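**Student:** Next up is a structure, given as C-alpha cells.
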Amino acid sequence: METQQIIIDTDPGQDDAVAILLALASPELQVLGLTCVAGNVALNLTTLNARKICELAGRADIPVYGGCDRPMGRALITAEHVHGHSGMDGPDLPLPDMPLQPVHAVGFLIDTLRSAPPKTITLCPLGPLTNIATAFARAPDIVTRVRQIVLMGGSHFKAGNVTPAAEFNIHVDPDAAAMVFASGVALTVVPLDVTHKALVTPARNAAFNAIGTAVGRAVAQLTAFADRYDSTKYGAPGAPLHDPCVIAWLLAPHLFSGRQINVEIETSSELTMGMTVADWWGVTDRSANALFLGDVDAEALFNLMTERLARL
C-alpha cells in the first residue's frame, strides 16, 4: 500500500490522543507533524497534550506546532466538562521533554504544502477548522495542492452534541468550517452519525487494557474517562470514539459507507449556528462537495485499532 503523508490538526482531547496513537502505529501513514488548535481546551493545553502523546508513542521526533488560540470571528468555546481540566484526563502522563516548534502551525501548513509535490499531503482535522481555514485564507495557492481533507465533524441524523443542531468541532468555528467546506478540496466528513456507532464498550476497553503496554493502558484510561460523561449522556453502552475514525478511514475505507452529497455550514443563525446542513436525500440542486459517511463496521474498527495500538 502507498504510504500516505498526513498532517494531523488536533485539539487533544482523549479521542484525539487515540487517533494520534493509531496514526503513529500505522506504517501506511507518514505523520509530517501535529498542528494544534484551541478547541476541547485552550491552546496551551492542546499543545502540551499533543507532545505527551508523541512521547508516550516513543515518537518525540514528530514536530508539534501551536496554532490559532481562538476561532476566526467568535469567542472560544471549550469542553472541559467532557475532557477534564487538562483536556486529556484519565492517564497520568509525564510532562514532555520534547519542545514545541517555534513556527506557527499556520506557517507550517503553508510552507509544507507549498514545498511538497501537489496532491501528496492529506490534512486530518480532528478539532475546529481554524488553522486550516486561516492557512487557506492567507495562502489561497495552497488549496489546490491539498490531496484531500478527512475530518471529524458535523452530524445529520444524530443532530447536535453541543447544541440541538450542531456538533462541537463545527460549532466552535463555523466560519472556518464554511470556508473549508466551500474550498473545493476533496472532502471526507466523519460525522456523529458514524462515531456514535463506534462505542467503547466495556469489552473493547478491556481489550485495549489487555494489550499490556504503556500505550494500551493509557488508551484504556483515556476511553474509560470519556465514558463517564458520554455513556450517561446518550444512554449508550459506551462512549463514542470520534477522532480515531478519521485515521481508520485512511487505513481501511472499506469499513465505512457514505454518500457524495452537498454539505453547507450554518453561520448566521444563533439557534442553529454550526449546523452541517447535509443534503443526504438529494432534495436540492446544490453540487456535492463531500463524501459524508453514515455507517461503520464497529467490531472490525475496534479490532483494527487494538491490533495497531499493540505495535507501539
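**Student:** In µm²/s, what is D for the stretch 179-223 at 25 °C and 0.890 mPa s, where D = kT/(6 pi eta Rh) by Stokes-Einstein and Rh is the Kirkwood radius from Cα pairs?
**Tutor:** 191
**Student:** Related question: For a quick check: sort 72, 305 by the number of other beta carbons within 10 angstrom, fewest at the front.
**Tutor:** With the fewest neighbours first, 72, 305 line up as 72, 305.
**Student:** Another question about this same structure. Would you mind ranking 62, 53 by Cβ crowding within 10 Å, fewest neighbours first?
**Tutor:** 62, 53
**Student:** Let me ask you something else. Restricting attention to the alpha-carbon atoms of the stretch 4-309, what are Rg (one decimal) and Dmax (integer), both in Å?
**Tutor:** 17.5, 53
**Student:** When the scattering of the stretch 164-310 is computed by the Debye formula from its Cα atoms alone, each counted once and equally, what is log10 I(q)/I(0) at q = 0.16, 0.17, 0.20 Å⁻¹?
**Tutor:** -0.92, -1.01, -1.22
**Student:** Sticking with this structure for a sec: Please report the relative contact order for the chain, taking Cα pairs under 8 Å with a sequence separation of at least 6, and give it as a percent rounded to a whole number.
**Tutor:** 19
**Student:** Tell me, how many Å apart are the Cα centres for the stretch 249-311 and for the stretch 1-80?
**Tutor:** Centre-to-centre distance over Cα atoms comes out at 20 Å.
**Student:** Then there is this: Measuring from label point to label point, each 7 Å out along Cα→Cβ, what is the residue 295 to residue 103 span in nm?
**Tutor:** 4.3
**Student:** Ok, one more. Which ³J(HN,Hα) values, rounded to whole Hz and listed in residue order, are derived for the stretch 111-126 from phi using the Karplus coefficients 6.51, -1.76 and 1.60 in 6.51 cos²θ - 1.76 cosθ + 1.60 with θ = phi - 60°, glycine and proline given as x?
**Tutor:** So the J values, rounded to whole Hz, are 5, 5, 5, 5, 8, 7, x, x, 6, 10, 10, 9, 9, 10, x, 10.
**Student:** Here's a follow-up. Looking at the P(r) of the stretch 69-157, how many percent of alpha-carbon pairs lie beyond 18 Å?
**Tutor:** Tail fraction, whole percent: 60.
Bear in mind these aren't lab numbers, they're just calculated from the coordinates by the rules spelled out. What you see is a predicted model, and the numbers here were worked out from it, not measured in a lab. Every residue, glycine as well, gets a Cβ built from its backbone with ideal geometry; the counts of neighbours run over all protein chains shown.
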